[in-house]
1. Given a cut-off of 18 Å, what percent of all Cα-Cα pairs of region 82-164 lie beyond it?
2. Measuring with a 1.4 Å probe in the full set of protein chains, what accessible area per residue, in whole Å², belongs to region 67-181?
3. Determine the calculated [θ] at 222 nm for the chain from helices alone, applying -39500 (n - 2.57) to every DSSP H run no shorter than 4 residues and normalising by the residue count; nearest 500 deg cm²/dmol.
4. Which value, in Å² rounded to 10, gives the accessible area of Thr158 with a 1.4 Å probe and all protein chains present?
5. If you take the charge dipole of region 15-59 about its Cα centre, with +1 on Lys and Arg Cβ and -1 on Asp and Glu Cβ, which of Phe47, Gly16, Gly37 is farthest toward its positive end?
6. Would you mind checking which residues have amide H under 5 Å from Thr36's amide H? H placed 1.01 Å from N; only 5 or more apart, or other chain.
7. Under Stokes-Einstein, with the Kirkwood radius over Cα pairs standing in for Rh, what whole-number D in µm²/s applies to region 1-123 at 25 °C and 0.890 mPa s?
8. Using a 1.4 Å probe and ignoring any ligands, DNA or RNA, find the accessible area of Glu49 and quote it in Å² to the nearest 10.
Amino acid sequence: MRRYEEYKDSDVAWFGEIPKNWNIARLKDFSVNVKTGTTPSSSKGDFFENGTENWYTPSDINNSLIINSSRKLSKHAFDIREVQKFPANCIYLIGIGGTLGKVGFSNVEASCNQQINVIQFNKNYDFKYGFYLMLVIGNTLIKWSNYTTMPIFTQTNTKNLLLIAPPFSEQQAIDKHLDAKTQAIHKKIF
């Protein structure tokens, strides 16, 4: 990994100093979309019968790089726009309840329920680097959540999250380094 000689104050207490050529910006400045999923209406039929399309719920998301859906929706649900299909390479962030802040990454087109905020980064932000960063940030979201009876982290909250933005090539170097370290740990455990 590259060593830096010059640092600057990020002006964000929990980030502290960052390399001089890195920036801080809101998530919405690096995203194409931040949307919340939906659950299809049961009054229009059973969209889960003979389902083939990934539809995530909080139980599918457990801070894993690749998530798998335990429930599948029919293509018909997407065709009639009962639910929105999100593109591959999106981050799925739980925004409500006891598992708020858990994150997952989907490398395929998918959808999710309304407890999840879906983040689609733009071409200036590496989606895998974004996943690793959201893993770290996810642990602190409860501090910034709205509360009544349970914590809620809305689309607006998600869009306004502050992120560290190294140059794109450095984001890719960071995610490759983290991938290698994660794989090494996984091999030792299993």
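The values are calculated or read from the model by the stated rules, or taken from the named source; none is laboratory data. What you see is a predicted model; the values in this text were computed from it and never measured. Note that each Cβ is placed from the backbone with ideal geometry, even for glycine, and that neighbours are counted across all protein chains shown. SASA here: full protein model, heavy atoms, side chains in, ligands and nucleic acids out. Shrake-Rupley method; radii C 1.70, N 1.55, O 1.52, S 1.80 Å.
1. Of all Cα-Cα pairs in region 82-164, 38 percent lie more than 18 Å apart.
2. Value for region 67-181: 47 Å² per residue.
3. Calculated from helices alone, the mean residue ellipticity at 222 nm is -7000 deg cm²/dmol.
4. Approximately 0 Å² for this residue.
5. The residue sitting farthest along the positive end of the dipole is Gly16.
6. Val118
7. The estimated diffusion coefficient comes to 151 µm²/s.
8. Using a 1.4 Å probe on the heavy atoms, I get roughly 110 Å².
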